[in-house]
Amino acid sequence: EGDSCKTFGKQIYCDPNQAIHLRKKVQVAMNAGAGVMRSQMSLKNVQLELESIASNILENKVSQNENIDFTSLELNHLLGVGTVLVKSALARQESRGCHTREDCAETKDSELGRYFTSYSGDNIHFIPFGNKQI
């Protein structure tokens, strides 16, 4: 699966057809497990699928001279955004707005308000808007 994909730094370079195939896998996984209706189990399944796609790609290195085309850039962005979205959704233990956690159906008054999510390493932080530390 990752045989025709390589990396340079943190960027992924794939044959355009392979990038399209992997993009579809990311989209299917995100729709199935991180859509409007989600649960801890569905989110963890998506997380494992994204990690699997990324780890298969990271086996190969690309030389600095190879061009990274649009489909590979899009795949990079989908994997990055998908990973942060899933980690943020796993960290939230409530249903809010139109996203429903089937395993956490209640809205928590203590979580009321809009939040800025910051991501560093494997840590997700929820910071209320208006917080002076942002």
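For (1) modelled with pLDDT under 90; (2) of a type outside the set (A, V, I, L, M), each residue gets a yes or a no:
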site: CYS5; (1), (2): yes, yes
site: GLN18; (1), (2): yes, yes
site: LEU22; (1), (2): yes, no
site: LEU50; (1), (2): no, no
site: ILE53; (1), (2): yes, no
site: THR71; (1), (2): yes, yes
site: ASN76; (1), (2): yes, yes
site: VAL84; (1), (2): yes, no
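Tell me, please, whether a residue that is at pLDDT below 65, surrounded by 15 or more Cβ atoms within 10 Å (Cβ to Cβ) and aliphatic (A, V, I, L, M) can be found in the stretch 89-109. The answer is no, given that none of the residues of the stretch 89-109 is at pLDDT below 65, surrounded by 15 or more Cβ atoms within 10 Å (Cβ to Cβ) and aliphatic (A, V, I, L, M). Pairs are defined by a Cβ separation below 7 Å, a sequence spacing of at least 6 or placement on different chains, a first member in the stretch 8-33 that is part of a loop (DSSP other than H, G, I, E, B), and a second member that is modelled with pLDDT under 80; the pairs so defined are ASP15/SER4.
The values are calculated or read from the model by the stated rules, or taken from the named source; none is laboratory data. It should be emphasised that the depicted structure is a prediction, and the values quoted were computed from it without experimental measurement. Ideal geometry is used to build each Cβ from the backbone, glycine not excepted, and the neighbour counts take in all protein chains shown.
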